[in-house]
Structures are given as C-alpha cells and as structure tokens.
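Participant: Just passing along the structure, written as structure tokens.
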Amino acid sequence: MKIAIIAEGRTESAFMPQLREFLKNRLAGRMPNLDIYCCDGRVYKEAKLRRTVENLLQSGKPPSDAVIALTDVYTGTREFIDATDAKRKMREWVGNNDRFFPHAAQYDFEAWLLPFWNEIQKVAGHKKAAPPGPPESVNHDRPPSYHIKEIFRTGTCGRDYSKVRDAARIVRGKDLSAAANQCPELKAFPNTILMLSGADPL
C-alpha cells in the first residue's frame, strides 16, 4: 500500500522519521510506503489542494492508494478556528473523496512536542515550567510554538528554536504513544495509517 502525506516541509523533516519508526513496530510485514509530499510553506488549500490530492491518487508512480493532508490550525492567519474546522474545510476543498483523510495539529505542530517537556528543558537548557493544561488546548494567542521558542530564548543553549533541528531531537527515540494519549489530534493521525494498513488503532 502507498499512502501519500501532504505536509508542510519542516514538519516532514522534524516528525516523519520518528513516525515511521513508531509505525514499523506496529506494522511488521504490513508497513505501507509513506510518500511525503512537502508543500512550499503552509499546506495547500482550495483548488490547489484538490488538484494535488487528485494528482497523487491518479498520476503517481505508482498512484497512491490514499492521501492524508496534515496542517497546523495556526498557519499565520485565523483561517481555521480549530482542528475540527480545519478538517472540515479541507474536506470541502477536496470534495467527496473516500480516499482523502484530512488531519490537523491543534493549534500547531509543537503541541505534539509539549508532552516531552522534560526533553525540551534539557535541549533548551532551562527549567521553565510547561504551559498549563492539555497540550492541544494551548491556543492562538500563545500557541505551543511560542512557549518552545520562549524557553529556547531564555535557556543556556545559546540559540533560537529550530523546528527542523530541535523538534527532531526532542522526539528522537521517544514512544509517540505517550504524546498521542495526551493529544487526540495526534492520536487520530497515526490511527488513520494503522486503519488503512489493517491494524488495530492506538
């Protein structure tokens, strides 16, 4: 099986390698080919998203059996209210297609790093406390990425937070099920891949 994942390019570099390792442990002999389609900037929308999905399903080499789109709710605009709204709009843009599966990080990808706050503290070199509440409740006014940037800015690491470099280091070797249990939108993302592969969900 081939599954195409449309994602913002930096998310692919930061998260997808660990996701592959996580899935391999659960899909022995059934691991699909995950073909990452990196967008230039935010995940495409409207007609461009629909064309991209249709092309991946019809014209790939070979065509994909399914397409997943993964966006942040916070894209630098207030286009999406929350993850539910983002998924609804992506479905509307793509149209009636039972091989398309929209997913969203609420409110940005860094929410899925917050469960690993102890590791964030180590990498940043600071003991600043984690933001209160469930990771996916940290919202537009101060999204998760703000808190991670802040601890790096005040820590002893001497550099700004980089999604590609630091997010990859934070999740490397970690069991993503620990984060999935705290982040329903994260849990839904690998569950779609597991379901398409004929495996039990988390």
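The values are calculated or read from the model by the stated rules, or taken from the named source; none is laboratory data. As the structure is a computational prediction, the values presented were derived from the model and not from experiment. Here the Cβ is made from the backbone with ideal geometry for all residues, glycine too, and neighbour counts use every protein chain on show. Calculation scope for accessible area: heavy atoms of the full protein, side chains included, ligands and nucleic acids excluded. Shrake-Rupley method; radii C 1.70, N 1.55, O 1.52, S 1.80 Å.
Participant: In percent, what relative contact order does the chain have, based on Cα pairs under 8 Å that are 6 or more apart in sequence?
Facilitator: Normalised by residue count, the contact order of the chain is 24 percent.
Participant: Additional query: State the percentage of accessible surface on the chain attributable to carbon and sulfur atoms; use a 1.4 Å probe and exclude ligands, DNA and RNA.
Facilitator: 46 percent
Participant: Amide H of I5: which non-local residues (sequence gap of 5 or more, or other chain) have their own amide H closer than 5 Å, using H built in the peptide plane?
Facilitator: Residues meeting the criterion, in which the H sits 1.01 Å from N, are D35, I36, Y37, I68.
Participant: What's the angle, to the nearest 10 degrees (0 to 90), between helix 144-154's Cα axis and the longest principal axis of the chain?
Facilitator: Tilt of helix 144-154: around 30 degrees.
Participant: Of (1) 95, 25, 24; (2) 50, 39, 26; (3) 50, 36, 30, which is the value of Cα extents along the principal axes in Å derived from the coordinates here?
Facilitator: Comparing each candidate, only (2) matches the computed number.
Participant: In deg cm²/dmol, rounded to 500, what helix-only [θ] at 222 nm does the chain give when every DSSP H run of at least 4 residues adds -39500 (n - 2.57) and the total is split over its residues?
Facilitator: Mean residue ellipticity, 222 nm, calculated: -12000 deg cm²/dmol.
Participant: Over 32 Å between Cα atoms: which of K45/K128; K149/K174; K61/K87; K61/K89 fall into that group?
Facilitator: K45/K128
Participant: Roughly how many Å² is the accessible area per residue of region 19-155, as a whole number, for a 1.4 Å probe?
Facilitator: Heavy-atom accessible area per residue stands at 50 Å².
Participant: Also: Name the shape class, rounded, prolate or oblate, that the alpha-carbon gyration tensor gives for region 1-99, where a ≥ b ≥ c are the square roots of its eigenvalues, rounded holds for a/c under 1.5, and otherwise prolate holds if a/b is larger than b/c and oblate otherwise.
Facilitator: Here region 1-99 falls in the oblate category.
Participant: Tell me the trypsin sites (Lys or Arg not before Pro) within region 159-202 that lie in a loop according to DSSP and have at most 14 other beta-carbon atoms within 10 Å.
Facilitator: Qualifying residues, ordered by number: R159, R172.
Participant: I want to check the label-to-label distance for D175 and L202. Put each point 7 Å from Cα in the C-beta direction and report it in nm to one decimal.
Facilitator: Those two pseudo-labels are separated by 1.2 nm.
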